[in-house]
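The block underneath contains the structure these notes are about, expressed in structure tokens.
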Amino acid sequence: MIEKKTVSGELPVPLFVGEELLVVQKPAGMPTTAPSEDTPCLVRWVEEEFPELRAHPTSRLDSPVSGIVTFALSKRANQRLLEARRAGTYERLYVGLTLHEVSPEKGAWSWPISIDPKNAKLRIAGPGRGERDALTDYEVVERSTHATVLHLRPRTGRTHQLRVHAAKAGVPHFGDHAYGGERRLTLPDGQVLTPRRVMLHCHRVSFPWGNTEMQFESPLDAGFDSTMRAALGA
């Protein structure tokens, strides 16, 4: 059994189990997939929790990012989700927290994303090896003296896209050390916030499903929410 504790102290939570579709809330600190059979990951958790299902992940989240991951349980479901992605009707809404002022308050980031020449596991915004077009819509939804909450909607699905685009815009996510995010914030009352994760969460996913539209929401975990509220001074 997978017993590894994640940085959020949470385990995955099934949000929906249907005949052709499985939707799971992934905690921060757990990779979606892993090359080694000895490494706990979301896919192996699903295999253990639902041994009767042949679940194929059709979306992925970085290990330090939390939120919704979808699994297809049939070839037809996999095809539907692939078609939704190609058509741009697979919609995702992320919540991000940065310690920087974001201006303008609404817009789009469209830098291409390439492999980091210094570290193949990371990405850079700009031309380079493996360059791919990328587009992210962003909007400020709350701000204070110390922090800004963003809603982010990726229009493409590149590796580390939201993290790379935020860093390139000068507003890296709090706790995202790989891309320049601060490790801590000291508040006026002396309280020190030190997130052990990237402050980025896939909050909502929606897509067409036959003659209807499926929509799923994943609440912020307690650690994310408390850090965000403290940074905003709520």
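The values are calculated or read from the model by the stated rules, or taken from the named source; none is laboratory data. Given the structure is predicted, the values throughout are model-derived calculations rather than measurements. Positions of Cβ are backbone-derived with ideal geometry, glycine not excepted, and every protein chain shown enters the neighbour counts. For the accessible areas, the whole protein counts, side chains as well, though only heavy atoms, and no ligand, DNA or RNA atoms are used. Shrake-Rupley method; radii C 1.70, N 1.55, O 1.52, S 1.80 Å.
In this structure, does VAL102 turn out to be open to solvent by less than 30 Å² (accessible area, probe 1.4 Å) and within 18 Å of the chain's Cα centre (by Cα)? Step through it out loud before you land on a result.
Working: open to solvent by less than 30 Å² (accessible area, probe 1.4 Å): yes; within 18 Å of the chain's Cα centre (by Cα): no.
No, not satisfied.
Take the conditions (1) over 18 Å from TYR94 (Cα atoms); (2) crowded, with 22+ Cβ neighbours inside 10 Å; LEU122 misses just one of them, which is (2). Would you confirm whether or not the stretch 168-190 contains a residue that is touching a residue at least 60 places away in the same chain (Cβ under 8 Å), on the phi > 0 side of the Ramachandran plot and open to solvent by 10 Å² or more (accessible area, probe 1.4 Å)? Checking the stretch 168-190: at least one residue is touching a residue at least 60 places away in the same chain (Cβ under 8 Å), on the phi > 0 side of the Ramachandran plot and open to solvent by 10 Å² or more (accessible area, probe 1.4 Å). For the stretch 8-53, a residue qualifies if it is assigned to a loop (DSSP other than H, G, I, E, B), modelled with pLDDT of 90 or more and over 26 Å from THR194 (Cβ atoms), and the qualifying residues are GLY18, GLU19, GLU20, THR33, PHE50, PRO51, GLU52, LEU53.
Here ARG163 fulfils each of the conditions (1) of a type in the set (D, E, K, R); (2) at pLDDT 95 or above; (3) not in a helix (DSSP H, G or I) apart from (3). Out of ALA120, ALA108, one residue alone is part of a loop (DSSP other than H, G, I, E, B), at pLDDT 95 or above and small (Gly, Ala, Ser). It is ALA120.
Residue-wise test of (1) within 15 Å of VAL65 (Cα to Cα); (2) touching a helix residue (DSSP H, G or I) at 6+ places or on another chain (Cβ under 9 Å).
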residue	(1), (2)
ALA125	no, yes
GLN161	yes, no
GLY170	no, no
GLU182	no, no
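For (1) at pLDDT 95 or above; (2) part of a strand (DSSP E or B); (3) under 30 Å from PRO14 (Cβ atoms), each residue gets a yes or a no:
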residue	(1), (2), (3)
ALA178	yes, no, yes
PHE207	yes, yes, yes
GLN215	yes, yes, yes
PRO219	yes, no, yes
SER226	yes, no, yes
ALA234	no, no, no
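Checked against the criterion of being over 19 Å from SER114 (Cβ atoms), assigned to a loop (DSSP other than H, G, I, E, B) and in contact (Cβ under 8 Å) with a residue 24 or more places away in the chain, the candidates HIS146, HIS151, HIS201 yield just one match: HIS146.
Exactly one residue among LEU53, LEU82, LEU99 is of a type in the set (A, V, I, L, M, F, W, C), out of contact with any strand residue (DSSP E or B) (no Cβ under 8 Å at 6 or more places or on another chain) and touching a residue at least 24 places away in the same chain (Cβ under 8 Å), and that residue is LEU82. Only residues that are closer than 24 Å to TYR179 by Cβ, among the hydroxyl-bearing types (Ser, Thr, Tyr) and either open to solvent by 30 Å² or more (accessible area, probe 1.4 Å) or outside any strand (DSSP E or B) (or both) were counted across the stretch 54-99, and they come to 2. Return yes when GLY130 is modelled with pLDDT under 95 and surrounded by fewer than 19 Cβ atoms within 10 Å (Cβ to Cβ) and no when it is not. Taking the combined requirement at face value, the residue does not satisfy it.
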